[in-house]
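What follows is a single structure, written as C-alpha cells, with notes after it.
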Amino acid sequence: MLKEILQNRKMKKIKEQRRKEAKKVAIGAFSGIAAGIASGLLFAPKSGKEARKDIVEKTSEVNSKIKENAANVKNSIKDKNSEVKSNISEAREKISTYLAEKKSKAAKKDETCTQCEETSSEEVSNKEENLEEDNSVNN
C-alpha cells in the first residue's frame with residue numbers, strides 16, 4: 001500500500017514536471033516564431049522574394065532552436081526521472097530497514113515475555129511443590 005502511494009506521488013510529480021516543461025517549450029517556440037516572422041516582415045526593406053527568403057531562414061533558425069530546447073527539456077526530464085527513481089529506492093530501503101528493525105525488536109520482546117511466562121510458571125510449580133511437601137511434613 002505504501003509502495004502504491006509512493007508510486008502515485010512519483011507519477012503525479014513526473015506528469016506535472018513534463019506538463020510544465022512542455023508549456024515552457026511551447027511558449028518559447030511560439031514566441032520565437034512570432035518574433036522571427038515579425039522582425040522579418042517589419043525590418044525588411046527588400047523585395048517580396050528576398051523577404052520570403054529571409055522569413056524561411058529565420059523560420060528554420062527558430063525551428064532548430066525549438067528542437068534544441070526540446071532536446072534540453074527531454075534530457076532534463078530524464079535526469080529528474082532518474083533522480084526520483086533514486087530517491088524512491090533510497091526511501092524503500094530505509095523503510096524496509098526500519099520495518100525489519102521493528103519486527104526484530106517485537107520478536108525479541110515476544111521471546112522475552114515467553115521466557116518470563118515460562119519462568120513464572122516454573123516458579124509457581126516449584127512453590128506449589130514446596131507447599132505440598134511442607135503440608136505433608138506438617139501433617
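The values are calculated or read from the model by the stated rules, or taken from the named source; none is laboratory data. Computed from a predicted structure; not experimentally measured. Every residue, glycine among them, receives a Cβ derived from its backbone with ideal geometry; neighbour counts consider all protein chains shown. To get the accessible areas, we keep the full protein, side chains included, count just its heavy atoms, and leave off ligands, DNA and RNA. Shrake-Rupley method; radii C 1.70, N 1.55, O 1.52, S 1.80 Å.
A quick yes/no check of all residues on (1) in a helix (DSSP H, G or I); (2) in contact (Cβ under 8 Å) with a residue 12 or more places away in the chain; (3) in contact with a strand residue (DSSP E or B) (Cβ under 6 Å, 6 or more places away or on another chain); (4) of a type outside the set (A, V, I, L, M):
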{"residue": "ILE27", "(1), (2), (3), (4)": "yes, no, no, no"}
{"residue": "ARG52", "(1), (2), (3), (4)": "yes, no, no, yes"}
{"residue": "ILE55", "(1), (2), (3), (4)": "yes, yes, no, no"}
{"residue": "GLU68", "(1), (2), (3), (4)": "yes, no, no, yes"}
*Mind listing whichever residues of segment 68-103 are closer than 16 Å to ILE5 by Cα and among the hydrophobic types (A, V, I, L, M, F, W, C)?*
VAL84, ILE88, ALA91, ILE95
*Scan segment 78-100 residue by residue and report those that are free of Cβ contacts under 8 Å to residues at least 40 places away in the same chain and either open to solvent by less than 90 Å² (accessible area, probe 1.4 Å) or not in a helix (DSSP H, G or I) (or both).*
SER82, SER86, ASN87, SER89, SER96, THR97, ALA100
*Do you know which residues across segment 1-17 are open to solvent by 100 Å² or more (accessible area, probe 1.4 Å) and either touching a strand residue (DSSP E or B) at 6+ places or on another chain (Cβ under 7 Å) or at pLDDT 85 or above (or both)?*
ARG9, LYS12, LYS13, LYS15
*Quick check: is even one residue across segment 62-76 loosely packed, with under 12 Cβ neighbours inside 10 Å and either under 14 Å from the mean Cα position of the chain (by Cα) or more than 29 Å from ALA22 (Cβ to Cβ) (or both)?*
no
